[in-house]
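*Asks:* One structure follows; several queries about it will come next.
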Amino acid sequence: MALWSSGATWSSGQLWGPSAAAGPAFENTKKHQPNMKRQPLLPQEPGDQPEWHTHFATKLPGYAAALTLSQAEEDNGVADNLIDTHLEPET
């Protein structure tokens, strides 16, 4: 078998690549059982959504450095959530 550094060319007749086929890949037979119930991101009650957006808008500047947000991304996130407090909640 030719190695990439052996000087063989594509027309030399030597085979490129591994001499034997790769063995079977590892097969995961364990069934995943989630142990926690999924929780929605936004509150399910429409009346609680404006309060959630207000809370998120006040907390975002404190986490902006840890999330590596630029100043423009932080400002846009706060502005978007403050606007969302005035929207009609989804029913």
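*Asks:* Is there a residue in segment 4-17 that is under 23 Å from the mean Cα position of the chain (by Cα), surrounded by 10 or more Cβ atoms within 10 Å (Cβ to Cβ) and either modelled with pLDDT of 75 or more or not in a helix (DSSP H, G or I) (or both)? Let's see the steps before the verdict.
*Replies:* From segment 4-17, those under 23 Å from the mean Cα position of the chain (by Cα) are none; that's our starting set.
Checked segment 4-17: no residue is under 23 Å from the mean Cα position of the chain (by Cα), surrounded by 10 or more Cβ atoms within 10 Å (Cβ to Cβ) and either modelled with pLDDT of 75 or more or not in a helix (DSSP H, G or I) (or both).
*Asks:* Restricting attention to segment 38-75, which residues are farther than 20 Å from Glu88 by Cα and surrounded by 13 or more Cβ atoms within 10 Å (Cβ to Cβ)?
*Replies:* Of the residues in segment 38-75, the ones farther than 20 Å from Glu88 by Cα are 38-39, 58-75.
Answer for segment 38-75, where residues must be farther than 20 Å from Glu88 by Cα and surrounded by 13 or more Cβ atoms within 10 Å (Cβ to Cβ): Leu60, Pro61, Ala64, Leu69, Glu73, Glu74, Asp75.
*Asks:* Taking the criterion of being in a helix (DSSP H, G or I), surrounded by fewer than 13 Cβ atoms within 10 Å (Cβ to Cβ) and among the small types (Gly, Ala, Ser), would at least one residue in segment 79-86 satisfy it?
*Replies:* Yes, because at least one residue in segment 79-86 is in a helix (DSSP H, G or I), surrounded by fewer than 13 Cβ atoms within 10 Å (Cβ to Cβ) and among the small types (Gly, Ala, Ser).
*Asks:* Here is a further query. Return a yes/no flag: does segment 44-55 have any residue that is assigned to a loop (DSSP other than H, G, I, E, B), modelled with pLDDT under 80, more than 16 Å from Thr85 (Cβ to Cβ) and not β-branched (Val, Ile, Thr). Write out each step before concluding.
*Replies:* So the first thing to find is which residues in segment 44-55 are assigned to a loop (DSSP other than H, G, I, E, B), and the list is 44-45.
Going one step further and asking which of them are modelled with pLDDT under 80, we end up with none.
No, segment 44-55 contains no residue that is assigned to a loop (DSSP other than H, G, I, E, B), modelled with pLDDT under 80, more than 16 Å from Thr85 (Cβ to Cβ) and not β-branched (Val, Ile, Thr).
The values are calculated or read from the model by the stated rules, or taken from the named source; none is laboratory data. All of these numbers come straight from a predicted model, not from anything done at the bench. FYI the Cβ positions are ideal-geometry reconstructions off the backbone, even for glycines, and counts take in every protein chain you see.
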